[in-house]
Structures are given as C-alpha cells and as structure tokens.
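What follows is a short report on a single structure.
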Amino acid sequence: MIYADIIIDISHERLDRSFQYLVPEVLEREIRVGMVVQVPFGKGNRLRTGYVVGLSGESRYENGRLKEITALLSSGETTESRLISLAAWMRETYGSTMIQALRTVFPVKEKVNLREKRRICLTAGEEEAKALLEELDRSRFRARARFWRALLEEGSLDYTEAARELGASRSVLKYFEEKNFIRVESQGDTSGDEGEPRPVTLNEIQEKAYAGILEEWQADSPRPVLLFGVTGSGKTQVYMRLIRHITDQGKQAIVLIPEIALTYQTVRRFHRYFGDRVSVLNSRMSAGERYEQFRRAKKGEIQIMVGPRSALFTPFERLGLIIIDEEHEPTYKSENSPRYHARETAVHRASMENAFVVMGSATPSLEAFHRAQAGEYCLVRLDARFEERPLPQVSVVDLREELKRGNRSVLSLKLQQAMGENLERGEQTMLFLNRRGYAGFVSCRACGYVMKCPHCDVALSEHDRRRLLCHYCGYETQKPEVCPVCGSVHIAGFKAGTQQIEQVVRGIFPGIRVLRMDYDTTRRKNSYEQILSSFAAHEADVLVGTQMIVKGHDFPDVTLVGIVAADLSLNADDYRCGERTFQLLTQAVGRSGRGKKAGRALIQTYQPEHYSIQCAAVQDYDRFYREEISFRTLMNYPPASSMMAVLGSASDEESLGQAMYYLSAFARRVSRDRNLRMIGPAPAAVGKVKDVYRQVFYLRHEDSRFLIAVRERMEKYIEMNSGFRNIFIQFDLQ
C-alpha cells in the first residue's frame, strides 16, 4: 500500500499541516510528489483540491481511519508539480514548514473585480501635437503636460496606467477629448494581437555581450550568466534582445527587479517593445490582483512577467528565461520563512525547467562574482556606457575640512556651488542620503538620555510639529519640553534626514522646485510612480531621497548627483557594510550624465580614505572586490565560507534566553566538527520590536550542506521540546 501526504488548503492557518490519504491501487503507478489531487475532506466529505507533498509505505493511522484519494487532477509533470517541487527544495534548503513554502510559490486565491480594459489613443496630427506640448510646458497645467508628453512618446497608453502613473485624471482627459486630440477605446482580450515587437538595436559592445550569452546557451550544460556592465552601459537593451530570442521560440520570460520604485520606468520600457505581452506584479497589489496576474500567466495570455522576487513563481508553462536585474540588491532575500534568496532559487527553478538565468549588475554581489571567478557562472562584461557616453566626473569632499572652514550645513560649499550652476543651466540634480529615511534621534544634551520607543529597542525620530515617531511599530508621542531623567531643558535632535535636506535646499535656493522621495512620501499606493513621473517631466529641479532614488532610474536631464553623507552605512553592524556602501555610491554616481550632457557627482564623507569610497569614486569594481574578498577570507565570512543565522523571538525575555541557550548548546553537541564556528546567542541588532524580544546566534562552516544538516537536527529538537511552543525560530542561510 502507498500513502500520500497531502496539503489541502494553503489559505487557512488552521490547515497548516498535511493530511494522510490512502492511494487507490489503480493510481499507485501514476501518482507522484507534486501532483494535484481531489480528496474528500471534513465531516461531509466535501471534495477538495490538494497537493501531494510526500509518499510513503507506512501509515500514521489505522487503515480504517484513512480516506482514499478520489482522483488525480494532473497527469505527469505540470506547472503546479514543478512549483511544488520547488517549494520542497526551498523548505529543505532554507528551513520552514511545507505550508509556508507552498504559500510562497502559490498565490492565495481571492476574488477580484475585473475592469474593462481601455486604451488612450493619439488622434492629433504630429505638428499640432508638438505645438500643444510646447504650450502646455509654458503653462501651469503640469499633469496635462506630463500626460501629453508620455502619449507622444508611446502613441497610445493603457487607461489605468495613465491614471495611476501619470496622474491623468478624468478632468485631464476631458480637456484633450474636447479638442478631439485623443480617443479612448474599449478593448477585449488583445493578448497576442499587438503586432510584432519593436526591434532592439544594440551597439558593437552590446552585440558582443549578446553573442557571448547565446554561445553559453549552446553549451551542453549552460551556466547562469552574470552580465557585469558599468552604470549606463545598456544592460536593459541586452535583456530585451534576449527576451525576444526566447519569445520567438514560443517560450516565456520572467524579469525580476529589486524595488517597486523601478516598476514605473521598467514596465514602460518593456511595454514599448513587447506591447500587451508584458504584465507586472508588485507588492502593493491586493491578493486578488496578484492571483489574477498568475491566472493570466498560466492561461498563456502573457509572455513576460516583470516584478520583484515574488514574480519568480509565475506559473509559466514554457519558462525559457529568468532575468535578475540589479542582482546585488538585498531585497532579493526574503525576510519571512522560508528566508530564500531569489538568485539561488531562480537558478534551481531554471535547472528544473531547462530555462536560462541571466543576472545583471554594475556592482555584482560578492557571492555572484566569486562564483563567476570560480567558473560556476559565465561572466560577460559591458565595459562602456551606451553611445560611448563618458562616466561622470567624481569629486570626493572631505567634510572634516568643511568644518574647519566653518561650514556646518549638510551641503558642502562645493556642492552648493555645483547645484547653483545646474540651476542656471536648467539641468536637474539628485541629492542622495545614504540611509533608510530615519530622521535621526532626540537626546538630552545634559545627561545624554536618548528618547526611545517603549515597545522597540530603537530611538524615536523627530518629525515636523515636534512629533517623535518609531519607524518600526508606529508609536508616536510629543517631544518633551524637559528631560524625563534629569529635568534639563536642553532637549535636541541629531538630524540628517531627507526633510532637513529639503528645507536646507529651499533656504539656500529660494523658489527652487524640490521633490522628496522617502518612507514618508511613498506610503500611498502609486506614490512612487507619481513622484518619478513628475521628476521625469521636469516638474522639479531637485529630487531628494534615500536609497530608492539611485537604483536603476534613467533621467537624461540629471547632470549632478550629490551624495550627502556617504559613510553613514559604513558604521552598520553588518559584515557587508563595506560592500553595501560601495554598491550604493556606485549606483548613485551612475545616475548622473545618462543623457547627452556630461555628468558629475560629489561624494561628501568623513572617511575619504576608505577603500569603498575610493573605489566607488573611480567606478573600480575589480579593485574593490580584491580588497573586500581578502577581508572576508581572513574572517571566514561569506562567500569565503557559509553562514547560518538562527533567529529567535518571544514576548517573554527570560524564556527566549533559555531557549536560545539550549538550542545553541544542542547545535554544538550534534555537530561534532571542529571547523564549526558559533557566535552568540546575543540580542539581535534591534533587541525588541512591538514588545517582542529577539535574539540570534550564528553558525559558520565551509560547507553549506553541513549547516543544513545541523539545522534539520535543530528542527527535530524544537519539535520534540515543549519549551519551544511559545518561541518563534527562523533559520537564515547566508
């Protein structure tokens, strides 16, 4: 007899386990792990859909209590079976329950009201349209000008995207309709009817890279490709040519992008070349909207899916290519169980489905470049900018010298001068603050007491109107008049936030048009697109922001990038801080001079001698890699060795401490390997969030398979001991 472990429904927490069923004799030869089946479930024996996640020859119950599988709903290998197998690999590699892994690869089914598909078409003549654009640029109707410019570029626009990304409200469209300049057409399902994709033109260097990738694909065992190109080298054009090659064969492609903020420009660029064959996912979609996109992909209504790491699980029947743009970005690592990395998971899915993987970056992660150096990945380079545009001229400003000159502004004198020159020429500037939008902290100058959140182990940040805010749990309170510890009135904030920079810029340059892009300004749905489209339409002279403004955006009129505090990230408690700093600075510098005008960048820092800053200033990745990998090898940090973090959290601090102590002791005892190194347990970087305490310990070993084996022993230990019932444990293989 054969028994099947079946997951019934991944949408309900109460069914967060598998149920065992008896396999009928007539199905024993056909059934496989990953198949979709129909089974009776519950008191009424209602027929439900389930997924086979395991097969065995032993029953966990008496045979009389087991129900039989009613039918197989899939025969042989299907998209579902491949994704279930992928979920099983993720559970085994990264550690989680099977249901957590299945929820990651399958969207929860929810109803969604489908809207009629409409498109805005240009009907005005070319000369008439250009004259109107000039008139709108001179007027104060910015939304009209932004919409009209985009329509002239594209010829037609999706109605929903025009409203969401360009701010084309009903009143804006009415203005053009009354002049008979546009026509709104209702569409049925036009998938596949949009005509031939536009041709993609490559220069000589891009053609060489494209040919090198195709050559690798012809090998008996093609490797994942790392496309290493300097900022502005035109990696996206190579991606599109590769996608065209794949779709011409009737196959499908997934394009992963790291940030929701990149969706706006990326999707418009892909739509321009592939029309309605492209769809998009993002984390701000509802569960119903995401499910609808996955349904369309499964039915074959689309060929290209663009989105963040969750798009990796698009249920394409004939997947041919997975592209990971900006592969170095930390957002490709999940923070929820299973804590998978999109890069490794993409490579595994591609190997299962005979698909190709191409990863692109101007600043590859050390892990990816290390594998390319070892021959595991095929390295292809793009060493020059598109159309031979020069790299920006970069200057490093020593802020210690600025203080000696008496300048205490967040903007150096040299940066102020450069911004003034840019303003006179009508060119745009981006000011990048190298931190995640926190506005500093508030403390007592007399006794040193720092105002902290009562629920989280972090300092409160000061915002407008004397508000103190916790960026982890949302706790908010008024700034005190006196110190609650010593009673001193000398309460002040140490601030270097985007709000402060915006105020300084407005004070130095009265009347200047400034947009700000950070945590506070992008909370609303579609706020990313609206800010970026406004800046692209030249509705602002300066864009101030955090990391989200320097990743992959292409603004031709930006000729100056100012990096306000380059070394803030160098002091983070993370062994990757040097790598993260180099990547951010290089990407930031690369935003300048992407059009026909020459660009320049200024890096403000207190540590101008640090190799991360020096290498970023001259865009020298190879030198940075040599420096950084030598430190990693010396300290046995990834990619020189493997490391796994064991993270525990609980509402009771004492219980958590005991649990983590016993778990770490158990890991030491069962490993029996002198090469295993352990750090901790100790409080996490933020030791408490929303009244939940957090601790961590790390295991290091040269072989990741050894760490996975130790993790499996720890999982069994946790399951057997009741003391872990109120302790939440996560494993993070790095």
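Structure summary
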{"read-out": "Subset of the stretch 199-237 [open to solvent by 50 Å² or more (accessible area, probe 1.4 Å) and of a type in the set (Val, Ile, Thr)]", "value": "Thr201, Ile205"}
{"read-out": "Those strands (runs of 3 or more DSSP E) lying entirely in the stretch 1-104 with at least 1 residues hydroxyl-bearing (Ser, Thr, Tyr) and modelled with pLDDT under 85", "value": "18-22, 46-56"}
{"read-out": "Selection within the stretch 604-634 - among the aliphatic types (A, V, I, L, M), within 28 Å of the chain's Cα centre (by Cα) and open to solvent by 40 Å² or more (accessible area, probe 1.4 Å)", "value": "Val618"}
{"read-out": "Residues that are out of contact with any helix residue (DSSP H, G or I) (no Cβ under 9 Å at 6 or more places or on another chain) and surrounded by fewer than 17 Cβ atoms within 10 Å (Cβ to Cβ), drawn from the stretch 32-47", "value": "Gln38, Pro40, Gly42, Lys43, Gly44, Asn45, Arg46, Leu47"}
{"read-out": "The stretch 283-321 - residue that is more than 22 Å from the chain's Cα centre (by Cα) and of a type in the set (D, E, K, R) and, of those, surrounded by the fewest Cβ atoms within 10 Å (Cβ to Cβ)", "value": "Lys299"}
{"read-out": "Residues located in the stretch 403-428, provided they are at pLDDT 90 or above and open to solvent by 80 Å² or more (accessible area, probe 1.4 Å)", "value": "Leu413, Lys414, Gln417, Glu424, Arg425"}
{"read-out": "Near pairs, Cβ below 7 angstrom, 6+ apart or cross-chain, from the stretch 226-243 (hydroxyl-bearing (Ser, Thr, Tyr)) to any residue that is assigned to a loop (DSSP other than H, G, I, E, B) and open to solvent by 20 Å² or more (accessible area, probe 1.4 Å)", "value": "Ser233/Ala384"}
{"read-out": "Candidate set: the stretch 682-714, residues that are under 12 Å from Ser664 (Cα atoms) and under 29 Å from the mean Cα position of the chain (by Cα); chosen: the one modelled with the lowest pLDDT", "value": "Ala682"}
{"read-out": "Test: Val482 is at pLDDT 90 or above and either closer than 28 Å to Ala540 by Cα or not aliphatic (A, V, I, L, M) (or both)", "value": "no"}
{"read-out": "Arg371, sole failed condition from (1) modelled with pLDDT of 95 or more; (2) under 24 Å from Ser221 (Cβ atoms); (3) open to solvent by less than 30 Å² (accessible area, probe 1.4 Å)", "value": "(3)"}
{"read-out": "Residue in the stretch 592-605 that is in a loop (DSSP other than H, G, I, E, B), under 27 Å from Ala372 (Cβ atoms) and of a type in the set (Gly, Ala, Ser) present", "value": "no"}
{"read-out": "Top-ranked residue of the stretch 655-674 - restricted to ones that are under 34 Å from the mean Cα position of the chain (by Cα) and of a type outside the set (Ser, Thr, Tyr), ranked as most open to solvent (accessible area, probe 1.4 Å)", "value": "Gly657"}
{"read-out": "Scan of the stretch 48-76 for residues that are crowded, with 16+ Cβ neighbours inside 10 Å and over 16 Å from Asp5 (Cβ atoms), ordered by number", "value": "Thr70, Ser74"}
{"read-out": "Within the stretch 282-375, helices (runs of 4 or more DSSP H) holding 3 or more residues that are without any contact (Cβ under 8 Å) to a residue 60 or more places away in the chain", "value": "287-299"}
{"read-out": "Within the stretch 556-576, tally of residues that are modelled with pLDDT of 85 or more and over 30 Å from Asp541 (Cα atoms)", "value": "1"}
{"read-out": "Qualifying residue in the stretch 584-594 (condition: buried (at least 24 other Cβ atoms within 10 Å of the Cβ), under 19 Å from Ile501 (Cβ atoms) and over 22 Å from the mean Cα position of the chain (by Cα))", "value": "yes"}
{"read-out": "Subset of the stretch 694-722 [open to solvent by 60 Å² or more (accessible area, probe 1.4 Å) and either over 17 Å from Gln658 (Cα atoms) or in a helix (DSSP H, G or I) (or both)]", "value": "Glu702, Arg705, Glu712, Arg713, Lys716, Glu719, Met720, Ser722"}
{"read-out": "Failed item, numbered, when Glu165 is tested on (1) at pLDDT 90 or above; (2) open to solvent by less than 30 Å² (accessible area, probe 1.4 Å); (3) assigned to a helix (DSSP H, G or I)", "value": "(1)"}
{"read-out": "Count - residues of the stretch 209-260 that are in contact with a Phe, Trp or Tyr (Cβ under 8 Å, 6 or more places away or on another chain), under 13 Å from Met359 (Cα atoms) and among the charged types (D, E, K, R)", "value": "1"}
{"read-out": "Looking only at the stretch 527-550, and only at residues there that are open to solvent by 10 Å² or more (accessible area, probe 1.4 Å) and not in a helix (DSSP H, G or I), the one that is farthest from Leu413 (Cα to Cα)", "value": "Ala537"}
{"read-out": "Residue within the stretch 388-410 that is over 30 Å from Phe509 (Cα atoms) and assigned to a helix (DSSP H, G or I) present", "value": "yes"}
{"read-out": "Test set (1) at pLDDT 70 or above; (2) within 27 Å of the chain's Cα centre (by Cα) - Val450 fails condition number", "value": "(2)"}
{"read-out": "Residue in the stretch 391-402 that is open to solvent by less than 20 Å² (accessible area, probe 1.4 Å), under 26 Å from Asp620 (Cα atoms) and within 30 Å of the chain's Cα centre (by Cα) present", "value": "yes"}
{"read-out": "Checking Ala682 against (1) in contact with a strand residue (DSSP E or B) (Cβ under 9 Å, 6 or more places away or on another chain); (2) open to solvent by less than 50 Å² (accessible area, probe 1.4 Å); (3) not in a strand (DSSP E or B), the condition it does not meet", "value": "(3)"}
{"read-out": "Count of the stretch 640-654 residues which are open to solvent by less than 30 Å² (accessible area, probe 1.4 Å) and either of a type in the set (Phe, Trp, Tyr) or farther than 21 Å from Val686 by Cβ (or both)", "value": "2"}
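The values are calculated or read from the model by the stated rules, or taken from the named source; none is laboratory data. Just so it is clear, the model here is predicted, and its values are computed rather than measured. Reconstructed Cβ throughout: ideal geometry from the backbone, glycine too, with neighbour counts over all protein chains shown. For accessibility, only protein heavy atoms count, side chains too; no ligands or nucleic acids. Shrake-Rupley method; radii C 1.70, N 1.55, O 1.52, S 1.80 Å.
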